[in-house]
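So the structure is just underneath, and the comments pick up after that.
The values are calculated or read from the model by the stated rules, or taken from the named source; none is laboratory data. Predicted model, so just to flag it, every value in this text is computed and none were measured. No Cβ is skipped: glycine too gets one built from the backbone with ideal geometry, and neighbour counts run over all protein chains shown.
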Amino acid sequence: MRVLIADDEQSIRDILDRFLRLMYKDQRVESNHFSDPMKALFEMSLYGDKYDLFLLDVNMPRPDGTEVSGVDIYRTLAGSHPECLARILFVTAHPENLDELKGMPLSILKKPFHFEEFRRALLPFTKLRTEKMAASKTVGIPGLDF
């Protein structure tokens, strides 16, 4: 499983990473961490198809003091890479900041959270990944076994 984690707090990125590895302990987990939301957006824009899941904070200040929100990232991807949207889980202490996206199909995990809440929030993504993997398996030709 390949996951992008974007949060301005190192401790949150570490917790998300540990929880991912605990939940998917029988699978290889590769996670890329970003504290700068613009770098995360750049990665998603270029390599979004390579990721199974995006864990995004909503409010992320940049090193230069400006702020780019998860809403900004979502809107940008909606216009340029809509196929990524179904793989976004917002991890935030302020879900009210997502009100601008009302009516959109959003997945939200409210901070603070426990492992069980994290596990439940990831179940739809696990199902989506399983379906994607099953669909990508090569279909055999009847009568030809290799």
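Overview of values
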read-out	value
Close pairs from the stretch 66-93: first without any contact (Cβ under 8 Å) to a residue 40 or more places away in the chain and surrounded by 14 or more Cβ atoms within 10 Å (Cβ to Cβ), partner in a helix (DSSP H, G or I) and among the aromatic types (Phe, Trp, Tyr), Cβ under 8 Å, at least 6 apart	85/74; 88/74; 89/125
Qualifying residues in the stretch 107-131 (those that are among the hydrophobic types (A, V, I, L, M, F, W, C) and surrounded by 16 or more Cβ atoms within 10 Å (Cβ to Cβ)) - the one nearest to residue 6 (Cα to Cα)	109
Any hit, the stretch 99-110, residues being modelled with pLDDT of 95 or more and in a helix (DSSP H, G or I)	no
Residues (touching a residue at least 12 places away in the same chain (Cβ under 8 Å), crowded, with 17+ Cβ neighbours inside 10 Å and under 23 Å from residue 112 (Cα atoms)) located in the stretch 1-16	3, 4, 5, 6, 7, 8, 12, 13, 16
Candidate set: the stretch 13-57, residues that are more than 24 Å from residue 81 (Cβ to Cβ) and part of a helix (DSSP H, G or I); chosen: the one farthest from the chain's Cα centre (by Cα)	22
